[in-house]
Amino acid sequence: MNTLSQTVYEHSPVIDKDTLSVDDLVIDFALDNALFNRKYMRAVNGVSFTIKSGEALAVVGESGSGKSTCARALTRLYEPTSGNLSLNGKNINDKQNPIKQADLAKEIQMIFQDPFGSLNPVHTIRHHLYRPIKLHMPHLKGEAIENYMIQMLEKVGLTPAKQTADKYPHELSGGQRQRVAIARAVATGAKFILADEPISMLDVSIRLGILNLMSDMKDEGIGFLYITHDIATARYFAERTAVMYVGHMVEWGESDSVTQNPQHPYTQLLISAVPEVGKKRVEGSIKDKTQGQIPLWTPESIGCPFASRCPKATEKCSLEMPPVQQLGEDHFARCFAIG
Ligand SMILES: Nc1ncnc2c1ncn2[C@@H]1O[C@H](COP(=O)(O)OP(=O)(O)OP(=O)(O)O)[C@@H](O)[C@H]1O
Ligand SMILES: [Mg+2]
């Protein structure tokens, strides 16, 4: 286990029970179809984290930083190039003794950015909920399925539930559709929800309602991977935050600490790029000093991925991966310029 994994695990006293763990995950994608000397990009590079039941980990970072790829690997949509993914201590990708896809789906569910795209327009809300309930709650029969479905719709605030069940997706608002997606995920009895930008397509005025609903689910013991571009909601919803850049976790730890006292130049850039209501553009902020290109990371790449854009970079940064530095009880970053 590398240093990064160790630091993450040391801060996760309960490893096996009710945990979803990613340890040193690497995912490469082919850049061409060559038979020999095929070229790859490294979309995820040595990512490690643990999510416990009833807790949320927010993953923030700009487009293409590998956030969704990590989530997709956890549902087995992508095969890891290397690394270990485990649910309650059991290896998700164990080829000798694989977890059945239906059993994995019972434990881990995804919620996507586009609540309309994830619902079939020709089916009612009842139809959308019946299928997962029948599949994952086989002990429920007939009227018990209907009652459980009504209970789920009420739980996510879609009342009157019976009327909602008879509606088609286009008859609901974006926020209501996202509530259906959450009800469907929770109805399976899932312990972990991977929410990939679940509020980014919703009107700002209803985002808080969805976040509060997810917080209620968290209080009931569901663990969340919350993928977002919005660092403010990361702090609002998640106990812990990980900042990703070009497939690497560059800073992570307790959300308050990471967002209020960011130490990695990339996290500082992300936070300085958030416009504040009532504040005008600040001249000379870090974003003005980061002119370089986002690199294409490959298995052969070396150094810190942010070196080409970092205002604090030295020659060493382009040659060596910075070690993990502990900045607080639960606050870590990889950067030579810290300390
Ligand atoms: N199936 C795939 N085949 C090839 N490349 C892929 C595939 N999926 C993702 N990638 C690449 O991997 C990198 C990471 O993509 P990913 O979707 O994980 O980013 P992200 O952080 O979720 O971005 P966004 O915030 O835009 O959703 C990107 O460069 C992307 O083009
Ligand atoms: Mg994404």
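The values are calculated or read from the model by the stated rules, or taken from the named source; none is laboratory data. It should be emphasised that the depicted structure is a prediction, and the values quoted were computed from it without experimental measurement. Reconstructed Cβ throughout: ideal geometry from the backbone, glycine too, with neighbour counts over all protein chains shown. Only protein heavy atoms, including side chains, enter the accessible area calculation; ligands, DNA and RNA are left aside. Shrake-Rupley method; radii C 1.70, N 1.55, O 1.52, S 1.80 Å.
Excluding same-chain residues fewer than 8 positions from Lys90, which lysines have a Cα within less than 16 Å of its Cα?
Of all the lysines, those that pass the test against Lys90 - Cα under 16 Å, at least 8 places apart if same chain - are Lys17, Lys52, Lys100, Lys106, Lys191.
Among Pro299, Pro160, Pro198, determine the one that fluctuates most according to a GNM of the chain built with springs between C-alpha atoms less than 10 Å apart.
Pro160
Could you derive backbone 3J(HN,Hα) for region 209-226 from the dihedral phi with the Karplus parameters 6.51, -1.76 and 1.60 (θ = phi - 60°), listing whole Hz in sequence and x where the residue is Gly or Pro?
Each residue of region 209-226 in turn: x, 5, 5, 5, 5, 5, 5, 4, 5, 4, 4, 7, x, 7, x, 10, 9, 10 Hz.
Can you pull out the trypsin sites (Lys or Arg not before Pro) in region 112-197 that DSSP calls coil and that have at most 14 other Cβ atoms within 10 Å? Provide the component values of the computation, followed by the final result.
On the way: sites: Arg126, Lys134, Lys141, Lys155, Lys162, Lys167, Arg177, Arg179, Arg184, Lys191; in loops: Lys141, Lys167, Lys191.
Answer by residue number: Lys141.
Take the Cα atoms of region 74-172, build their convex hull, and give its volume per residue in Å³.
Numbers: hull volume 13.6 nm³, N = 99.
Enclosed volume per residue, from the Cα hull, is 137 Å³.
Given the -39500 (n - 2.57) contribution per DSSP H run of 4+ residues, what per-residue ellipticity at 222 nm results for the chain, rounded to the nearest 500 deg cm²/dmol? Please list the in-between numbers first.
Values: 13 runs with 114 residues, N = 339.
Helix contribution divided over all residues of the chain: -9500 deg cm²/dmol.
Given H placed on each backbone N at 1.01 Å, which residues far from Glu239 in sequence or on other chains put an amide H within less than 5 Å of it?
Counting only residues 5 or more places away or on other chains, the set is Ala56.
Dipole size in debye (nearest 20) for region 127-228 around its Cα centre, Lys and Arg Cβ +1, Asp and Glu Cβ -1?
Details: 12 positive and 11 negative charges, 48 e Å.
Here the size comes out at about 220 debye.
Given axes a ≥ b ≥ c from the Cα gyration tensor, I'd like to know whether region 162-244 is rounded (a/c under 1.5), prolate (a/b larger than b/c) or oblate.
Values: a/c = 2.28, a/b = 1.42, b/c = 1.60.
Judged from the Cα gyration tensor, region 162-244 comes out oblate (a/c at least 1.5, b/c at or above a/b).
Assigning unit charges at the beta carbon (Lys, Arg +1; Asp, Glu -1) and nothing else, what dipole magnitude in debye, to the nearest 20, does region 157-217 show about its Cα centre?
Details: 7 positive and 6 negative charges, 36 e Å.
It works out to roughly 180 debye.
Any idea of Phe224's accessible area? Nearest 10 Å², probe 1.4 Å.
0 Å²
What's the center-to-center distance, using Cα atoms, between region 302-319 and region 193-233 in Å?
Their Cα centres are 33 Å away from one another.
Using +1 on the beta carbon of Lys and Arg, -1 on that of Asp and Glu, and nothing else charged, what's the dipole of the chain about the Cα centre, debye to 20?
Values: 36 positive and 38 negative charges, 146 e Å.
Dipole of the chain, to the nearest 20 debye: 700 debye.
Please compute the per residue accessible area over the chain with all protein chains in place, 1.4 Å probe, rounded to a whole number of Å². Walk me through the intermediate numbers first.
Details: 16220 Å² over 339 residues.
Result: 48 Å² of accessible area for each residue.
Could you work out Rg/(2.2 N^0.38 Å) for the chain, with Rg from alpha carbons only? Intermediate values should be presented prior to the final figure.
Details: Rg = 21.0 Å, N = 339, 2.2 N^0.38 = 20.1 Å.
Normalised by 2.2 N^0.38 Å, the Cα Rg of the chain equals 1.04.
Short version: ³J(HN,Hα) in whole Hz for each residue of region 301-310, in order, from phi by Karplus 6.51 cos²θ - 1.76 cosθ + 1.60 (θ = phi - 60°), x for Gly and Pro, what are they?
Result, rounded to whole Hz: 5, 10, x, 7, x, 8, 3, 5, 10, 7.
Pick out which of Ile227, Ile150, Ile92 has the largest mean-square fluctuation in a Gaussian network model of the chain, springs linking Cα atoms closer than 10 Å.
Maximum fluctuation in the GNM of the chain, among the listed residues, is at Ile150.
Pull up the DSSP beta bridges for the chain and report the antiparallel fraction as a percent, rounded to 5. Each step should come with its number before you reach the end.
Working: 30 of 48 bridges.
Restricted to the chain, the bridges split so that about 60 percent are antiparallel.
Can you give the longest stretch of the chain with no exposed loop site, where a site means GluC sites (Glu not before Pro) in a DSSP loop (not H, G, I, E or B) with at most 14 other C-beta atoms within 10 Å? Provide the component values of the computation, followed by the final result.
Values: sites that count: Glu220, Glu276, Glu283, Glu300, Glu320, Glu329.
Counting at most 14 other Cβ atoms within 10 Å as exposed, the longest clean stretch of the chain is 1-219.
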